[in-house]
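For reference, the structure discussed in these notes is given below.
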Amino acid sequence: MPAGVAHKTFHGANGSAEHFLVVTAPADGTWAEQLHAVEARYAEALNGAGLAPESAVFRRIFVSDVLNQAEDVQRSSLAQDAPDSPVAVSIIQQQPLPRAKIALFAYHLSSPSPIAKRRLSHRHVLVESGGLSHLWSTRLCAEATTGPASAQAQTRQVFEELSQALAGQGGTMRDHCLRTWIYLKDVDVFYHGMVKARTELFAHHGLTDRTHYIASTGIEGACAHQYDVVAMDAYSVLGLAPEQVSYLNDFGRMCPTRDYQVTFERGTRVAYADRAHFFISGTASIDREGRVVHLNDVVAQLGRALENVQALLRAGGADLADMMYLLVYLRDPSDHQAVRAYLDDRLPELPAVILHGAVCRPEWLIEVEGVAVADLPHPALPSFA
């Protein structure tokens with residue numbers, strides 16, 4: 001792999017492969033130079049891995065100043081589709097640390113079986129393979145033109161757009177949405193309004209503590225509209241059998257999320273014929289009583305957060321070694337060096353992006369999330385691709 005690129009692949013027994021790439025920019029240089037460097041490194045990485053442009057499914061582009069940089073990103077190769085092969089693209093303001101202006105996370109899928117991709121709108125891409133329809137929804141936001149903004153109203157709006165997109169494919173948020181990423185312009189101010197609106201909306205759609213919720217990250221970030229305080233990406237799968245989906249918990253280490261009045265799953269497991277996917281929600285240094293552990297010690301908090309991730313994975317039969325990538329959110333950018341040193345020592349082969357993004361409680365200095373893919377065959381279930 002070229003400099004600035006980390007890559008991990010899961011090879012399925014059916015011949016398909018899932019590729020997870022992280023591309024970072026040099027820490028110096030102008031915005032234009034860093035953007036060009038990420039484009040070049042990504043292209044070189046794809047060429048070296050033998051990945052066709054058509055294999056791209058999803059890209060999330062992290063930038064340091066979205067209001068000034070989004071148009072350049074949208075014109076770049078990072079946001080462009082290959083001919084007749086659309087890609088879901090997310091653009092989020094979360095500065096890559098230590099001081100870069102841009103970084104890229106990309107997900108590619110290759111398979112001996114046909115994969116069809118359709119753009120339903122500029123925000124929704126449908127990937128069809130193996131009898132399943134994977135809906136990638138990105139840049140969901142209100143596109144507000146005036147302030148002041150209401151986090152509750154904007155939360156309702158973005159979830160309603162997702163609900164309508166699912167309904168157009170014969171799906172529902174309760175039965176088919178597996179993962180959301182919710183970005184709040186000022187998480188210390190707007191998080192509680194988002195949580196209140198989401199809880200009410202979930203209840204309306206039949207998502208309660210007696211049914212299930214959705215794996216999620218709620219973190220500080222911003223989209224490319226000045227007056228939007230809430231933005232969202234989402235991943236849904238239509239065609240899953242109910243027995244394919246289960247929810248990950250370890251109540252000996254972490255309390256149910258409802259205990260502190262939030263409505264999301266700590267992790268969601270999806271089983272296929274030759275693998276299982278584990279969607280790990282934003283996970284912090286929390287104990288079984290819902291308390292923050294290791295106040296004012298970012299490295300100790302990271303250690304506890306990873307222990308919690310490990311516990312969630314073990315609940316579904318996987319391990320930290322099965323993680324395909326990690327996104328790490330830091331409240332204080334000056335903690336980057338200590339966090340990077342810890343990750344390089346403990347998880348040296350794991351692609352990771354460290355980002356400036358405050359967590360929903362001020363006492364949480366760090367949060368992590370990611371996806372694991374494990375070789376856990378269930379031959380009676382449908383194939384992934």
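Each reported figure results from applying straightforward, stated rules to the coordinates on display, with no laboratory input. Note that this is a predicted model, so its numbers are computed, not measured. We place every Cβ from the backbone using ideal geometry, glycine too, and count neighbours over all the protein chains shown.
What residues qualify as long-range amide H neighbours of Val89, i.e. H under 5 Å apart, gap of 5 or more or another chain, H built at 1.01 Å from N?
Arg59
What are the residues whose amide H is under 5 Å from the amide H of Ile286, where those residues sit 5 or more places off or on another chain and H is modelled from the backbone?
Result for Ile286 returns Val293.
Using the Karplus curve 6.51 cos²θ - 1.76 cosθ + 1.60 with θ = phi - 60°, work out ³J(HN,Hα) for each residue of the range 88-99 in order, rounded to whole Hz, and write x for Gly and Pro.
After applying 6.51 cos²θ - 1.76 cosθ + 1.60, I find 7, 10, 10, 10, 9, 7, 8, 4, x, 9, x, 7 Hz.
So which helices of the chain fit the span-like rule, where a helix is a whole DSSP H run, its Cα atoms reach 24 Å or more along the axis, and its mean Kyte-Doolittle is at least 0.5?
Qualifying helices: 298-315.
Karplus couplings for the range 5-16 from phi (6.51 cos²θ - 1.76 cosθ + 1.60, θ = phi - 60°), rounded to Hz, Gly and Pro as x?
10, 10, 8, 9, 10, 10, 9, x, 5, 8, x, 7
Restricting to Cα atoms and excluding each atom paired with itself, what does the Kirkwood estimate give for the chain in Å?
20.8
Please list, or write none, the lysines whose alpha carbon is within less than 23 Å of the alpha carbon of Lys185, excluding same-chain residues fewer than 8 places away.
Correct list for Lys185: Lys101, Lys196.
How would you classify the range 1-112 from its alpha-carbon gyration tensor, with a ≥ b ≥ c the square roots of the eigenvalues: rounded for a/c under 1.5, else prolate if a/b is greater than b/c, otherwise oblate?
prolate
With a 10 Å cut-off between alpha carbons and a GNM built on the chain, which of Thr263, Thr217, Thr30 moves the most?
Largest GNM mean-square fluctuation: Thr30.
Going by average Cβ neighbours within 10 Å, how do the peptides 110-122, 178-190 rank, with the highest at the top?
Answer by packing, highest mean first, reads 178-190, 110-122.
Return the calculated 222 nm mean residue ellipticity for the chain, to the nearest 500 deg cm²/dmol, obtained by summing -39500 (n - 2.57) across DSSP H runs with n ≥ 4 and dividing by the residue count.
Helix contribution divided over all residues of the chain: -8000 deg cm²/dmol.
Once you sort the root eigenvalues of the Cα gyration tensor of the range 256-365 as a ≥ b ≥ c, which label holds: rounded (a/c under 1.5), prolate (a/b larger than b/c) or oblate (the other case)?
Here the range 256-365 falls in the oblate category.
Take the alpha carbon gyration tensor of the range 282-334, find the square roots of its eigenvalues, order them as a ≥ b ≥ c, and report rounded if a/c is under 1.5; if not, report prolate when a/b exceeds b/c, else oblate.
Because a/c hits 1.5 or more and a/b fails to exceed b/c, the range 282-334 counts as oblate.
Lys/Arg Cβ at +1, Asp/Glu Cβ at -1, dipole of the chain taken about the Cα centre: which of Thr30, Ala276, Ala305 is farthest positive-ward?
The listed residue farthest towards the positive side: Ala276.
Among Val262, Val298, Val23, which one moves the most in a GNM of the chain with springs linking Cα atoms closer than 10 Å?
Val262
Collect residues whose amide H, placed 1.01 Å from N in the peptide plane, falls under 5 Å from the amide H of Leu376; neighbours closer than 5 in sequence don't count.
Arg275, Ala276
Residue by residue, what Karplus-based ³J(HN,Hα) values in Hz, rounded to whole numbers, does the range 318-334 have, using 6.51, -1.76 and 1.60 with θ = phi - 60° and x for Gly and Pro?
10, 8, 4, 4, 8, 5, 9, 6, 9, 9, 10, 10, 10, 6, 10, x, 5
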